[in-house]
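The values are calculated or read from the model by the stated rules, or taken from the named source; none is laboratory data. Note that the structure is a prediction, hence the values are computed from the model and not measured. Here the Cβ is made from the backbone with ideal geometry for all residues, glycine too, and neighbour counts use every protein chain on show. Just the protein is used for accessible areas: all its heavy atoms, side chains included, with ligands, DNA and RNA removed. Shrake-Rupley method; radii C 1.70, N 1.55, O 1.52, S 1.80 Å.
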Amino acid sequence: SSTRRQLLQSPGACSAQLLVNASFQRMCWSICRSTVAATLLICAAVGKCPGSNAWVHASCEVAVEVHAGCDDVIAEMEARVAGIEKGTWHDPHNTGVYAILGRGASELSMQRRTGNGKYTDKLVFTFEKVSPSQCKIQGCSESQVTSVADFSTNYCNLRMMYCGSADGCKPVTKDFATSESSINPSFGAGKDPKECLAVPSSSKVSAALLRGAASDIINSSPTCPPANFSSVQGFDLGSFARGRWHIQQQMPVSYLPASQDRCVYAEYELLKKKTFWGYEVQVHNHAEDVAPPHKSHDSGSFLCAKVVDEMTGKLAVAPCFLPSSTAGPYWVIAYSESEGYALVSGGAPSKSASGGCQTGEGVNGSGLWIFTRRQQRDEALVQKVRKIAASKGFDLSVLNDVDQSECTSALVVM
């Protein structure tokens with residue numbers, strides 16, 4: 001379209017991520033060099049990293065203090081890796097498979113293949129003896145393919161090698177207390193320890209099998225995404241773009257926590273021509289702190305969207321300075337201009353939970369939103385959209401109300 005129009009979109013950043021606050025933007029620019037290549041690749045490092053052939057890739061670095069000698073720490077890591085084949089240990093983070101690539105006096109290099117065998121990450125640990133009973137670890141994990149969001153995978157790659165029973169992990173030969181003094185994921189990567197314990201332990205699976213209750217584990221959560229899951233059909237982006245969308249309910253995600261569930265809205269502006277990276281839409285999002293003095297978090301011109309498939313309402317969103325190949329999914333699931341609502345998600349909900357299917361909680365592939373044209377809440381309309389979401393297989397327990405009362409933001413229509 002050659003006409004510039006205000007387009008309203010759901011919050012999130014890098015994928016359904018349409019709400020990145022200004023302080024986060026300043027952090028992104030301050031920690032990275034001024035050029036795009038440097039922004040993507042060269043950030044401050046804490047220790048030695050294995051490297052990656054992918055120009056843009058997710059990573060994480062940690063610094064950990066362990067209350068055990070370095071020899072014991074190394075021996076325990078090696079025992080965990082060996083235990084995968086022996087059956088004495090398994091990776092709780094989606095049953096990944098580790099392999100040791102190299103050993104040194106104070107260094108251990110590894111790789112980890114995901115449980116489905118699709119992706120391989122590389123890791124390096126270095127060890128510094130502080131005392132006979134204390135060791136300092138520096139660890140770095142890097143994805144080997146193009147990636148931005150990693151759902152805490154690189155962090156968990158590292159954590160699963162040193163965590164103890166106090167952290168919910170299962171040691172093989174040595175159990176020790178640890179303290180993570182720093183955790184530094186790359187932009188878009190996660191650091192949620194809960195994500196590291198993502199599957200039932202082997203002991204629970206074995207016990208269920210002995211009881212003849214394997215189906216209790218297999219069927220305790222739905223298959224996600226649901227069969228035949230689809231987004232909206234016959235979507236009209238121009239119509240969707242005609243006014244501001246007010247968010248009535250939303251799922252907390254890393255870039256938009258529940259503490260900012262106030263006066264949330266989203267807007268777009270269709271660009272006259274594509275940007276250098278192929279983006280066609282300027283995205284603008286706004287949220288405010290629930291607690292006084294209600295500080296504003298506004299994305300300004302930081303975010304852009306690429307149209308992936310207009311007829312099915314599929315866009316991809318990322319910071320405007322990143323290549324569109326790094327953008328994450330932002331899908332319109334249901335939409336009615338006449339009734340003034342839209343249901344938006346960060347792509348297909350692939351995470352299985354007891355209440356249904358969920359998207360992630362990180363940056364890419366995260367979020368679920370209920371939009372209305374009117375700022376004043378219409379409870380009957382909100383409940384209608386919730387029913388639509390439930391019929392699509394979404395877990396509604398993730399949705400929180402957004403306070404749209406006493407908001408001062410003026411509506412601008414272009």
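Between Ser259, Ser301, Ser239, Ser230, the distinction of being open to solvent by 30 Å² or more (accessible area, probe 1.4 Å) and not in a loop (DSSP other than H, G, I, E, B) belongs to Ser259 only.
Considering region 330-345, and only residues there that are small (Gly, Ala, Ser) and in a loop (DSSP other than H, G, I, E, B), the residue that is least open to solvent (accessible area, probe 1.4 Å) turns out to be Gly340.
Residues that are over 22 Å from Ala58 (Cα atoms), outside any loop (DSSP other than H, G, I, E, B) and touching a residue at least 40 places away in the same chain (Cβ under 8 Å) within region 146-183 comprise Thr178, Ser179, listed in sequence order. Ala353 - would you say it is more than 22 Å from Ser296 (Cβ to Cβ), modelled with pLDDT under 90 and of a type in the set (A, V, I, L, M)? Judged against the criteria, Ala353 is a match. For region 74-91, the tally of residues that are among the β-branched types (Val, Ile, Thr) and either outside any helix (DSSP H, G or I) or at positive phi (or both) stands at 1. Residues in region 242-256 that are under 22 Å from Lys314 (Cβ atoms) and in a strand (DSSP E or B): Trp245, Ile247, Gln249, Gln250, Val253, Leu256.
In region 138-145, the count of residues that are closer than 16 Å to Gly188 by Cβ, surrounded by fewer than 16 Cβ atoms within 10 Å (Cβ to Cβ) and in contact (Cβ under 8 Å) with a residue 12 or more places away in the chain is one or more. Checking each residue in region 266-283 for being open to solvent by less than 20 Å² (accessible area, probe 1.4 Å) and within 29 Å of Gln404 (Cα to Cα) picks out Ala266, Glu267, Tyr268, Leu270, Val281, Val283.
For region 284-298, the criterion of being within 24 Å of Ser231 (Cα to Cα), open to solvent by less than 30 Å² (accessible area, probe 1.4 Å) and in contact with a Leu (Cβ under 9 Å, 6 or more places away or on another chain) is satisfied by at least one residue.
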